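The values are calculated or read from the model by the stated rules, or taken from the named source; none is laboratory data. The shown structure was predicted, so the numbers you read here are calculated from the model rather than taken from an experiment. Neighbour counts are summed over all protein chains in view; Cβ atoms, including those assigned to glycine, are modelled from backbone coordinates with ideal geometry. In case anyone asks, the SASA skips ligands and DNA or RNA and just uses the protein heavy atoms, side chains included. Shrake-Rupley method; radii C 1.70, N 1.55, O 1.52, S 1.80 Å.
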Amino acid sequence: MTDPGTGTTFDDPEALRKRALAALLTARERTALLTSCVEDPELTAQHSPLMSPLVWDLAHIGNQEELWLLRTVAGRDALRPDIDGLYDAFEHPRAERPSLPLLPPAEARNYAAEVRGRALDILESTAFEGTGARLTEAGFAFGMIAQHEQQHDETMLITHQLRRGPVALTAPDPMPVPAFTGPAEVLVPGGPFTMGTSTEPWALDNERPAHARLVPPFFIDTTPVTNEAYQAFIADGGYTDRRWWAPEGWAHIREHSIDAPLFWRRDGGQWLRRRFGATEVVPADEPVLHVSWYEADAYARWAGRRLPSEAEWEKAARHDPETGRSTRYPWGDADPTPEHANLGQRHLRPAPAGSYPAGQSPLGVRQLIGDVWEWTSSELLPYPGFHAFPYKEYSEVFFGSEHKVLRGGSFAVDAVACRGTFRNWDYPVRRQIFSGFRTARDARPDSV
Ligand SMILES: [Fe+2]
């Protein structure tokens, strides 16, 4: 399968092998940074009941890599069969993990390094085609493990945000941009489009297969909702007016005295926020961050709008009205570069709304990829023809009405774990994640 837009040859095994090696090395560099920017006692402490101790993530990354690459792909014996249970995410919920006899930091580092050394040998010698083994076809297992490590790196960055006290993490701010003056919303024409993928080599089971989806015409915000816009909702009494809230959301904000995004506090006439241990004035032009689905939903209702469905979001991000094709990213099929999107922890914050003109969709929608995860109105459900792979716990056990889908990735997501088809999900009350949103509204069919 050669991608017509980029000439990327997905079935060139050597190109995929290089891609897998680079993805694994990039992930490990980031893991090392995230576990060396605080002292060891900070790695073993639990900073929030919502999160694991950082040292758990570290050894769990190694354990999953051992399980899939060393044992399943290469058929090796277990290096440390005694620790499997400790690092099984389904056996022990996060709140319980600090009380387990976890490997101490030095041992966790050595274990992950030992696994990695062997995994790289296996990467060199594994056939990527012609064996009939679905797990290694196109290097899927290696891509899956690189994505898994990057997802835990994002989780560890969330833990650093929840920690109180300084953290030795630095990154330059995104480039300042002139205030965005384009249209506030974009019309996405009605009609079918191709949702999901059957060709992206490392797409996960829940992104598959590609299928036609009919989406009526709708308008969607050109950029994510900004702090300034969100502050107008607060100033208008948004958190005290029951009309805007789903009943469970209203009960939740009452019970937990929530009256602003997480990490915000009012100081006289202005809003301040805590960001990686430092306090700063909330920047007006950045996409709002750390809001729950209920908050996003309430804002949208207050604004006379609604959240986009997952299919609407993906159509806005991937549908090229000129060719009728769905592309890998809003800008086409090329892999993301720093000109396209704010990804990979290159910055420790979202970029101002309206940034990244080179990354906009054919219809002109900006920042769909990177910056903030975007809540959609949709529950996490399987696509028609879904098959759990390589195991049910990857996605299937999460399907249902409990979780809402988020799309697009945040500044904390690496490119290997981000594409136009990628689906994330969480409980509607969650907001320690790097979550924001944009809004939508129905268009009359005759406006197409
Ligand atoms: Fe995991």
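Just one of the listed residues (187, 162) is more than 16 Å from the ligand (Cβ to nearest atom), open to solvent by 20 Å² or more (accessible area, probe 1.4 Å), under 27 Å from residue 425 (Cα atoms) and within 24 Å of the chain's Cα centre (by Cα), and it is 162. Within the bounds of the range 128-139, is there any residue that is more than 16 Å from the ligand (Cβ to nearest atom), surrounded by 22 or more Cβ atoms within 10 Å (Cβ to Cβ) and not assigned by TED's automatic domain parsing to the domain that holds residue 42? Scanning the range 128-139 turns up no residue that is more than 16 Å from the ligand (Cβ to nearest atom), surrounded by 22 or more Cβ atoms within 10 Å (Cβ to Cβ) and not assigned by TED's automatic domain parsing to the domain that holds residue 42.
Could you tell me whether residue 105 is away from the ligand (no atom under 16 Å from the Cβ), at pLDDT 90 or above and either among the acidic types (Asp, Glu) or touching a helix residue (DSSP H, G or I) at 6+ places or on another chain (Cβ under 8 Å) (or both)? Against the criterion (away from the ligand (no atom under 16 Å from the Cβ), at pLDDT 90 or above and either among the acidic types (Asp, Glu) or touching a helix residue (DSSP H, G or I) at 6+ places or on another chain (Cβ under 8 Å) (or both)), residue 105 qualifies. Does the range 241-251 contain any residue that is under 24 Å from the mean Cα position of the chain (by Cα) and more than 24 Å from residue 47 (Cα to Cα)? Yes - at least one qualifying residue is present in the range 241-251. Pick out the one residue from 19, 76 that is more than 16 Å from the ligand (Cβ to nearest atom), part of a helix (DSSP H, G or I), open to solvent by 60 Å² or more (accessible area, probe 1.4 Å) and not assigned by TED's automatic domain parsing to the domain that holds residue 413. Among 19, 76, only 19 is more than 16 Å from the ligand (Cβ to nearest atom), part of a helix (DSSP H, G or I), open to solvent by 60 Å² or more (accessible area, probe 1.4 Å) and not assigned by TED's automatic domain parsing to the domain that holds residue 413. Within the range 79-94, the set of residues being in a helix (DSSP H, G or I), more than 16 Å from the ligand (Cβ to nearest atom) and not charged (D, E, K, R) comprises just one member, 81. Looking at the range 22-73, which of its residues are free of Cβ contacts under 8 Å to residues at least 12 places away in the same chain, charged (D, E, K, R) and part of a helix (DSSP H, G or I)? Within the range 22-73, 29, 71 qualify. Of 209, 189, 201, all but one fail to be touching a residue at least 12 places away in the same chain (Cβ under 8 Å) and over 23 Å from residue 409 (Cα atoms); the exception is 189.
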